[in-house]
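Report on one structure; see the data block that follows.
Just so it is clear, none of the values below were taken in a lab; they were calculated from the coordinates. Computed from a predicted model, the values in this text were never measured in an experiment. Every residue, glycine as well, gets a Cβ built from its backbone with ideal geometry; the counts of neighbours run over all protein chains shown.
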Amino acid sequence: MHGVFRVHSGGIMDVSCTIIADDQEARERLSRLLSQTNHVDIIAQADNGAEGVRHALEKQPDVVFVDVEMPGMTGFDVVREVREQGGRHTFIFVTGYDQYAIRAIRHAAFDFLVKPVDIDDLKAALERFIEQKSRKENGRISDMFIRQHNLTGREVEILSLLAKNQNSKEIAEALFISKHTVDTYRRRLLEKTGYKSTNELVHALLKANG
């Protein structure tokens with residue numbers, strides 16, 4: 001699972017964001033608006049596409065806000081580069097020209113905001129993202145995924161809790177087993193599914209649950 005998406009005990013989710021825009025004024029405005037929005041964490045900003053790609057891949061934000069028109073590497077180039085390197089981030093394009101909307105959709109953008117960004121439009125986009133993410137996080141593991149990897153009942157239980165962003169200690173407490181046992185199951189899940197990390201495994205699960 002990409003990102004550092006977190007769920008509070010009350011069910012409210014934190015969203016980590018990265019902003020990529022060469023226009024300092026637009027970048028600062030978006031940063032200010034995001035700072036006024038509850039449960040949003042800006043973990044990186046970049047003033048060019050190349051730096052933005054690096055931040056996206058290294059920091060794994062939940063949402064990447066990217067300006068369409070930038071010198072050198074455009075917003076569309078950023079998305080293409082991140083995708084080619086295996087990133088499955090959620091992108092929201094920001095631009096002063098709404099004629100880019102159709103192209104943004106073709107690049108699998110989650111949403112499209114026109115500058116100057118309006119706080120209500122921004123909040124609406126984030127609410128849609130949280131709603132979609134919540135559906136995936138709370139969805140059960142598909143039968144196809146279980147059969148494909150020959151998962152046992154206990155493995156399914158643990159994977160379901162991992163998908164809800166619970167750590168080994170929390171899972172152990174929930175299932176009344178030891179943390180060591182949970183860690184053993186986690187290693188076994190990686191061996192059976194062929195993924196290199198729990199993040200990769202859970203991301204594949206969420207994608208399969210679509």
Under 5 Å, built H, 5+ apart or other chain: amide partners of residue 16: 4, 41, 62, 63
Nearest 10 degrees, 0 to 90: helix 153-163 Cα axis against the chain principal axis: 20
Charge context of residue 81, other residues only, Cβ under 14 angstrom, K/R +1, D/E -1: 0
Net charge of Cβ neighbours under 10 Å - reference residue 26; Lys, Arg +1; Asp, Glu -1: -2
Loop chymotrypsin sites (Phe, Trp or Tyr not before Pro), segment 164-210 (other Cβ atoms within 10 Å of the site Cβ: 12 or fewer; DSSP): 176
Placed amide H near residue 113: partners under 5 Å, 5+ positions off or other chain: 93, 94, 95
Using a Förster distance of 30 Å, the FRET efficiency for residue 183-residue 38 (Cβ separation, nearest 0.05): 0.30
Summed residue charge, Cβ within 14 Å of residue 124's Cβ, Lys/Arg positive, Asp/Glu negative: -4
Sparse-neighbourhood loop sites, chymotrypsin sites (Phe, Trp or Tyr not before Pro) in segment 17-120 - DSSP loop, at most 11 other Cβ within 10 angstrom: 97
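Which entries in 59/196; 133/164; 179/207; 164/196; 59/133 show an alpha-carbon gap greater than 21 Å? Write out the running numbers ahead of the final one.
On the way: 59/196 18 Å; 133/164 11 Å; 179/207 27 Å; 164/196 19 Å; 59/133 18 Å.
Correct reply: 179/207.
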All-pairs Cα distance distribution in the chain, expressed in whole percent, bin size 10 Å: 8, 33, 31, 19, 9, 1
Nearest-ten-degree value, helix 198-209 long axis tilted from longest Cα axis of the chain: 80
Rounded to 10°, Cα long-axis angle of helix 119-138 versus longest principal axis of the chain: 20
FRET E, pair residue 207, residue 121, Förster distance 25 Å, beta-carbon r, rounded to 0.05: 0.40
Note, ³J(HN,Hα) from phi for segment 19-30, Karplus 6.51, -1.76, 1.60, rounded to Hz, x at Gly and Pro: 10, 10, 7, 7, 7, 4, 4, 5, 5, 5, 5, 5
